[in-house]
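So the structure is just underneath, and the comments pick up after that.
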Amino acid sequence: MVDGVGLKDLAAADLPNFRRLLVRRGALAAANVRPAGPYLPESGYVSLGAGTRAYGSPTAGLLLGVDEPYEGEPAGVVFQRNTGYPAPPGSLVNLDLPHLLTANAGADHPVVVGALGQALREAGKRAVLLGHADTPREPSRLAGCVTMDARGTVPSGNVGTELARPDPHFPTGRRTDYHRLLEEFRRFYPQADLVVVETGDTSRLNRYADWLTAEQDARMRRRALRWFDTFLGEVARTVAWDRTLLVVAVPAPSPSAVARGELLTFVAAFGPDIRPGLLSSPTTRRPGLVTGADVAPTILAWLGVPIPPSMTGRPLTSQPFANPLPALLAFERTAVATYAERPPLLRGYVILQIIFILSSLAALFLAPRLPRGASTVLRLGLVSLTAVPLALLLLPWVQTGALDRDVLCLIGLTAVLVLMARFLGRSLSRTFVLVYLATALAILVDLVLGARLGRASLLGYDPLGGARYYGLGNEYMGVVIGAAVTGCTALLDLHPALRPHWRCLVLVPLGLGALLTGLSGFGANFGGFLGGVATLLVAWLAFREQRFQAKTLGLLAAVGGGLVAAVVAADTLRPSAGTSHVGLLVRQIAAGGPGALYAVAARKLAMNFRLMRYTPWADGLVTFIIGLGVLFYRPVGLLKQIVQANPSFARGFWAALAGTAVVFFVNDSGVVAAATLMLYPTAFLLDLALQTAFASPGDN
């Protein structure tokens, strides 16, 4: 454990032993160590031991030997009195266990505090903890949260004060005594299955950093890392490499890194099954990027211990790659820039949506008093808004990492796309349809090719947020459904001769899009798949005009259920089964029964209502709902005219509403998917309303 160290620190420090091991027998990756709460070391260590995002507590490092005094009594006595659990002789006990259990009881996903240690204990394996990050004022043994079992005990180890020595030239006046730590490692290594070593010095430095100048902090950090590197070299000469896996993990970024938005740490692994290069895991499916939750499953897999269902991480793998550190530094720079640009850019985008939606509604009521050019401006604005997601998909080709320049690039790309569609379509209505179909097609093609553009897009997912690492994110999932159903059905109205072929031109694209969205090897977005299936089935029902026939409804239920079962089976039968969201859900249901399904549903609903208060997408969704509500009643007769002139789009509109409802309720961030989905039918409906209200027959 080397807390609070990032890739930049690795590049800046002189680490000959680390680099030599990396070249000979090790692999490296950036690591997302996002815990359940804020980025704090306490939560980072607890998350490593739980194998999933978890909460820490301010005194999580209060781990003592059973005979060590605590407030005048042996720690074992205090522990047994507070928990009711026995304190075995020679063990270490975490006096903060009650706080940790309480903090994680309200988590929105299953968290087993001490899951790693518990799995090892049940398998008859022995875990050992060595070292600490104590300061003169308080004990800090957070690494105990990695090795302890569910009862808060570590079978054996040494966290005594003799493993640190006074040093007036190092922050806090103490630093790790690596000579004694190495002696303890050599003593315990032959008899243990897992040895966790807390190096300590970088943790002390992070707690003291506010009292240091930037230059002194960098100087002390390099010094602490040199000491660690010397110790690492001695460990490498001690272990038997044919039967040893060595992992270097960083539980949390330093406070200064968090302030800069550099939220990734790193994980390095060395051993006989590790190919020099980049680490990866089924959790991320991205070489060079892993999660903190992958560390515990990796240890269990190495020791042949079953991985508990509560762990969301997966065992690490490696693939050859020459000199990985520069590539990872470049990846981190891009990820940090994207993470910083996303909030202001998307907030501005949603504000523009609100402005144009409300302005279009106002124009409908003021149509007799406004020039026809006002309608053209608003319609161009609406189609430009719907072209932005496609422009964001293409933006990584020209992205600079500077917000002002990237905004200009985005505006330029959007203008080019709209002008091309306007030239090819020769009318504004056809421009909408071309933009919609091109957007849906581009996203699906990118998905088939590995989602290289989507995962780098400002509208995609990002490795720092950690909500999704692969497949199709909720933003683009909503875009695909909304653009596809609106574009395909509107096309039939623009070319009435195509209406008899609605099965091929509507159902086939929607079905293909739903499958690509849901299959684990492509979109891996099960909520999006359910939304796509709902859109497909309602479109089928609407075009057949058999809404209330029981036989038809039964057939729809059977088809929908079959599609869902097929996608679930395809995911669970994959070699990496259980790594996608639906796979994890299946594992949780198998372990916890049907109640796990209820817990997941409640969590998703609660998350959506929380997001309604914080995300700008909620404002956009509410604006769409208000706009549609107004159009249903005013101006009187306008909506009836639109439906009569565009019957296929009207059917697609109801299908889009069904898809919106489903994605809202079945996704953690369903409000985001619902907002991006509803943009497309709402914008086209307003375009038709403006066209009708301003009576521009030459542009249809």
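Over segment 116-160, what is the relative contact order in whole percent, taking alpha-carbon pairs under 8 Å and six or more residues apart?
48
Find which of A50, F526, L536 sits farthest along the positive direction of the dipole of the chain, computed with +1 on the beta-carbon of Lys and Arg, -1 on that of Asp and Glu, about the Cα centre.
About the Cα centre, the residue reaching furthest to the positive side is L536.
Mind ranking 254-266, 428-440, 451-463, 156-168 by how tightly packed they are, going by the mean number of other C-beta atoms within 10 angstrom, highest first?
Ranking, from highest mean packing down: 428-440, 451-463, 254-266, 156-168.
Based on Cβ point charges of +1 for Lys and Arg and -1 for Asp and Glu, what charge dipole magnitude is obtained for segment 116-186 about its Cα centre, in debye rounded to the nearest 20?
Rounded to the nearest 20 debye, it is 100 debye.
In square angstrom, what is the accessible area per residue of the chain with a 1.4 angstrom probe?
41
Report the charge-dipole magnitude of segment 1-58 in Debye, nearest 20, computed about the Cα centre from +1 at each Lys and Arg Cβ and -1 at each Asp and Glu Cβ.
320
Between E68 and H109, take the C-beta separation as r, use R0 = 41 Å, and let me know the FRET efficiency to the nearest 0.05.
Once the sixth-power term is evaluated, E becomes 0.75.
Just the number, please: carbon plus sulfur as a percent of the accessible area of the chain, 1.4 Å probe, no ligands or DNA/RNA counted.
The C+S portion of the solvent-accessible surface of the chain is 63 percent.
Top to bottom by accessible area (1.4 Å), largest first, where do R369, R499 land?
Per-residue accessible area, sorted high to low, gives R369, R499.
Residues of segment 84-127 with amide nitrogen under 18 Å from the 7 Å Cα-to-Cβ point of R187?
The answer is 89-93, 127, whose backbone nitrogens lie closer than 18 Å to the label point.
What distance in nm separates the simple spin-label points at C504 and A218, each placed 7 Å from Cα in the Cβ direction?
Label at C504, label at A218, 6.6 nm between them.
About the Cα centre, and with charges only on the beta carbon of Lys, Arg (+1) and Asp, Glu (-1), how big is the dipole of the chain? Nearest 20 debye, please.
1840
Around C488, what is the net charge, scoring Lys/Arg as +1 and Asp/Glu as -1 over all other residues with Cβ under 15 Å from its Cβ?
Local net charge: +3.
Would you mind computing, in nm to one decimal, how far apart the modelled labels at Y208 and Q644 are, each placed 7 Å from Cα along Cα→Cβ?
Output for this residue pair reads 8.3 nm.
Once you sort the root eigenvalues of the Cα gyration tensor of the chain as a ≥ b ≥ c, which label holds: rounded (a/c under 1.5), prolate (a/b larger than b/c) or oblate (the other case)?
The shape class here is prolate.
Quick one, what does Rg over Rh come out to for segment 1-152 if you take C-alpha atoms and the Kirkwood Rh? Don't skip to the answer; put the middle values down first.
Details: Rg = 16.8 Å, Rh = 16.7 Å.
Answer for segment 1-152: 1.01.
For the chain, take the longest principal axis of its alpha carbons; what is the angle in degrees between that and the long axis of helix 214-238, to the nearest 10 within 0 to 90?
With both axes taken from Cα atoms, the answer is about 70 degrees.
Quick one: what are the phi-derived ³J(HN,Hα) couplings along segment 20-26, Karplus 6.51/-1.76/1.60 with θ = phi - 60°, whole Hz, x for glycine and proline?
Computed from phi, the couplings for segment 20-26 are 5, 5, 5, 5, 8, 8, x Hz.
Taking a virtual spin label 7 Å from the Cα of A340 along the C-beta vector, which residues in segment 394-414 bring their backbone nitrogen under 11 Å of it?
Only 401-404 fall inside the zone, counting backbone N under 11 Å.
Mind giving me the nanometre distance, one decimal, between the label points for L403 and I355, set 7 Å out from Cα along Cα→Cβ?
1.7
Sorted by packing (mean other beta-carbon atoms within 10 Å per residue), highest first, where do 512-525, 414-427 land? Don't jump to the answer; show the numbers that get you there.
Numbers: 512-525: 24.1, 414-427: 16.1.
Descending mean neighbour count gives 512-525, 414-427.
The values are calculated or read from the model by the stated rules, or taken from the named source; none is laboratory data. Please read all numbers here as calculations on a predicted model, not as lab measurements. Heads up, the Cβs are rebuilt from the backbone with ideal geometry, glycines too, and the neighbour counts pull from every protein chain shown. Areas reflect the complete protein model, heavy atoms only, side chains present, ligands, DNA and RNA absent. Shrake-Rupley method; radii C 1.70, N 1.55, O 1.52, S 1.80 Å.
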